[in-house]
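Here is the structure we will look at, set down as structure tokens.
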Amino acid sequence: MKNPPIESSPARNRLKRGRPPIDAAVRRDAIVLCAEEAFMEQGYSQTSMDEVATRARISKRTIYKYFPNKRELFRAVIAEHRIRIINVSRIERDESPLNETLYKIFLADQSSGKPTRRLDIFRLAFNEAAYNPEVQDIMLEVGRRPAVLSLAEWFESQGLFKGCDQEQLASILLDMVLAFVTRKDVFEMSSEAYVSHVKQRVDVFLDGVFSKGRSD
């Protein structure tokens with residue numbers, strides 16, 4: 001007598017496939033992380049989708065389901081790090097002096113006070129943008145431009161620098177800080193030196209803005 005057929009179930013189907021399905025968001029994050037490692041080690045120009053697939057231990061076809069080309073993958077890496085380096089949405093203005101609040105914006109992801117390795121991807125991108133127009137375009141589109149706009153919008157929402165070009169001021173402040181945090185030797189600094197340098201740039205910016213206001 002034949003045994004009755006065993007009904008199929010999601011759990012049994014997963015066992016047949018040998019591994020449980022991976023959430024799409026989790027897989028995407030894993031691809032971005034592996035791409036970041038490849039870009040940091042080899043640069044944008046020398047990194048291939050094959051290399052990223054090897055590091056992620058998946059097929060190149062799977063990567064293309066999430067990212068149609070290397071440019072879009074690099075955009076995702078830069079966007080992720082921009083949010084972590086400067087994210088004004090998580091900063092609530094309180095009774096603290098303005099300089100203290102701005103310190104929080106640029107040091108919010110430095111809980112230990114030390115520069116994190118994620119800044120290295122920006123330094124690499126800035127250096128490569130000098131001779132690679134594609135990288136330069138990506139940095140402007142996904143890195144610098146959105147960061148300037150978010151900072152300018154925060155200025156406006158807080159009623160700061162009224163009567164001034166808030167976007168221009170945001171651009172100046174961002175350039176002053178990023179010019180430092182993307183330097184090659186920044187990772188050799190002590191926690192105290194790193195924090196001090198960032199704060200000095202914020203202070204110089206504010207001194208310049210308010211001294212101009214007093215002289216007008």
Using beta carbons and a limit of 6 Å, which pairs, at least six apart or on different chains, have the first residue in segment 137-156 and among the β-branched types (Val, Ile, Thr) and the second one in a helix (DSSP H, G or I)?
Ile138/Phe74; Ile138/Arg75; Val142/Arg75; Val142/Ile78; Val142/Ala79; Val148/Ala170; Val148/Ser171; Val148/Leu174
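Within segment 120-136, can you find the residues that are aliphatic (A, V, I, L, M) and in contact (Cβ under 8 Å) with a residue 24 or more places away in the chain?
Within segment 120-136, Ile121, Leu124, Ala125, Val135 meet the criteria.
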Out of segment 129-138, which residues are of a type outside the set (S, T, N, Q) and surrounded by fewer than 21 Cβ atoms within 10 Å (Cβ to Cβ)?
Ala129, Ala130, Tyr131, Pro133, Glu134, Asp137
If the Cβ limit is 6 Å and pairs must be 6+ apart or interchain, which residue in segment 23-39 that is within 10 Å of Arg55 (Cβ to Cβ) pairs with which residue that is small (Gly, Ala, Ser) and not in a helix (DSSP H, G or I)?
none
Residue selected from segment 171-201 under the condition more than 20 Å from the chain's Cα centre (by Cα) and among the hydrophobic types (A, V, I, L, M, F, W, C), by the criterion modelled with the highest pLDDT:
Ala193
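The values are calculated or read from the model by the stated rules, or taken from the named source; none is laboratory data. Computed from a predicted model, the values in this text were never measured in an experiment. We place every Cβ from the backbone using ideal geometry, glycine too, and count neighbours over all the protein chains shown.
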